[in-house]
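Have a look at the structure below before the remarks.
The values are calculated or read from the model by the stated rules, or taken from the named source; none is laboratory data. As the structure is a computational prediction, the values presented were derived from the model and not from experiment. We place every Cβ from the backbone using ideal geometry, glycine too, and count neighbours over all the protein chains shown.
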Amino acid sequence: MTKANVPDALPFVDSLVTLEMSGALVREVLEQGFTLERCCRTRSCRGSDGAAPPASPGRGG
């Protein structure tokens, strides 16, 4: 996949952020996306203080 292919794969009009990632990390992200697993395993998906993000309104939290 190249930057030119991204709009075809993800046809959204929002801002686009690019990151450099290893193949292993890309695979992990894709595999996680195809599962129902939504648990944060790393600090990177938590707030700067390490706390989990707040629950969304209307979703039992």
Item to check | Long-range neighbours under 8 Å by Cβ, at least six apart or interchain, first residue among the hydroxyl-bearing types (Ser, Thr, Tyr) within region 7-27, second in a loop (DSSP other than H, G, I, E, B) | outcome: Thr18/Lys3
Item to check | Unique match (being modelled with pLDDT under 60, among the basic types (Lys, Arg) and either surrounded by fewer than 10 Cβ atoms within 10 Å (Cβ to Cβ) or within 16 Å of the chain's Cα centre (by Cα) (or both)) among Arg27, Arg46 | outcome: Arg46
Item to check | Qualifying residues in region 12-36 (those that are of a type in the set (Val, Ile, Thr) and assigned to a helix (DSSP H, G or I)) - the one nearest to Met1 (Cα to Cα) | outcome: Val26
